[in-house]
1. Can you list the residues of region 260-280 with backbone N under 19 Å from a point 7 Å past the Cα of residue 249, pointing along Cα to Cβ?
2. Of 45, 246, how do they rank once you tally other Cβ atoms within 10 Å and put the fewest first?
3. For region 2-127, what value does the Rg/Rh ratio take when both radii are computed over Cα atoms and Rh is the Kirkwood radius, given to two decimals?
4. Okay, helix-only estimate at 222 nm for the chain: each DSSP H run of n ≥ 4 adds -39500 (n - 2.57), divide by all residues, round to 500 deg cm²/dmol; what do you get?
5. Based on a Kirkwood Rh over C-alpha pairs, give the Stokes-Einstein translational diffusion coefficient of the chain at 25 °C and viscosity 0.890 mPa s in µm²/s.
6. Hey, rough spin-label estimate for residue 259 and residue 112, points 7 angstrom out along Cα→Cβ, what's it come to in nanometres?
7. Compute the separation of the alpha-carbon centres of region 311-326 and region 135-153 and state it in Å as a whole number.
8. Calculate how steeply helix 215-230 sits against the longest principal axis of the alpha-carbon atoms of the chain, using the helix alpha-carbon long axis, and give the answer as 0 to 90 degrees to the nearest 10.
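Nothing in this text is a laboratory measurement; each read-out follows from the coordinates by a stated rule. This is a predicted model, so every value here is computed, not measured. A quick note on method: Cβ atoms are made from the backbone with ideal geometry, for glycine too, and the neighbour counts reach across all protein chains shown.
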């Protein structure tokens with residue numbers, strides 16, 4: 001009897017320590033990554049609450065999430081956590097702390113469950129987007145110190161071939177119409193939350209075996225592939241290259257040497273644009289109703305405008321995102337197999353790598369300005385879009401079901 005009591009006491013102590021460790025990890029993440037001034041992190045954690053709600057928590061759990069969220073927020077600010085104003089802060093910041101509370105609840109349910117089977121899945125689902133965003137931020141921050149020279153000048157010089165740098169055009173438009181800047185800013189910052197909402201919607205469909213591309217693994221695959229591709233032609237964006245000139249003064253490169261050069265330690269996550277890649281995947285795969293497709297189409301367009309008008313990306317970054325999204329779409333497809341899948345993957349990968357190598361070597365600057373540049377850019381986007389559309393038609397109609405072969409086509413379930 002005494003041995004059993006000692007064993008129970010040891011188990012309680014072990015569970016308590018694990019629960020405390022989870023809370024400490026969340027506090028450290030919030031502090032180190034400055035959740036109050038990092039909309040990407042805040043909205044990623046806010047997405048955890050959305051996923052938690054799909055698990056149908058009790059009213060008691062929801063109340064406890066709010067208490068824990070307030071507690072995490074108090075700890076953050078009492079430790080002098082930084083906070084800035086950004087588009088969507090009124091939703092992202094409190095949502096981020098609530099998401100931390102949801103993760104704490106889901107982790108505690110798993111830790112304290114007498115039978116672990118089936119308890120980890122809700123935690124894994126809720127933690128997926130925060131883990132992806134946090135991991136990408138850490139990886140990009142590390143890579144910035146490893147790539148002091150960037151290819152921003154080459155990519156900017158290429159953008160000039162369109163007749164003028166598109167980022168400056170959209171940037172001026174934003175400054176002339178503040179409401180458009182604000183709307184696109186909300187969309188741009190909220191992408192992790194948008195991903196989580198789509199994952200939640202698809203999750204209910206997945207239970208009935210009605211998904212073609214599992215967005216969980218497509219989102220992760222795009223994040224991993226994008227980070228690796230960042231290293232080929234590392235770039236930060238025009239707002240970092242020309243901080244004083246953007247967006248009112250277009251820098252003239254006449255007579256200037258165009259080559260890779262040192263740039264301050266900012267994230268090297270411009271080429272290609274994963275923001276655009278993720279929204280393309282959402283638009284291609286969330287086809288459960290026409291209104292949803294319409295909303296996501298607008299969301300994608302506003303994301304494109306935001307990436308340019310904020311100065312975070314060049315137009316070239318958005319162009320290369322299309323074939324990359326196609327490669328990921330084909331790789332993660334469960335409906336299209338064999339020759340057609342490999343052809344789509346290969347086309348997307350080859351176009352993506354061709355552009356990145358062209359910027360890396362400077363070959364992109366040899367493309368004639370004007371019609372030739374516009375034609376190549378249009379083909380780079382049109383070919384992946386057409387192929388993705390064909391894959392979609394092969395899968396199902398917009399209102400019809402798509403039969404699932406496997407919910408984890410690239411084998412990540414065991415590792416996440």
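1. Label zone hits: 264.
2. Ascending number of Cβ neighbours within 10 Å: 246, 45.
3. A ratio of 1.04.
4. It comes out at -23000 deg cm²/dmol, rounded to the nearest 500.
5. 108 µm²/s
6. Spacing of the two 7 Å Cα→Cβ label points: 6.4 nm.
7. After rounding, the separation between the Cα centres reads 17 Å.
8. For 215-230 against the chain, the angle is about 50 degrees.
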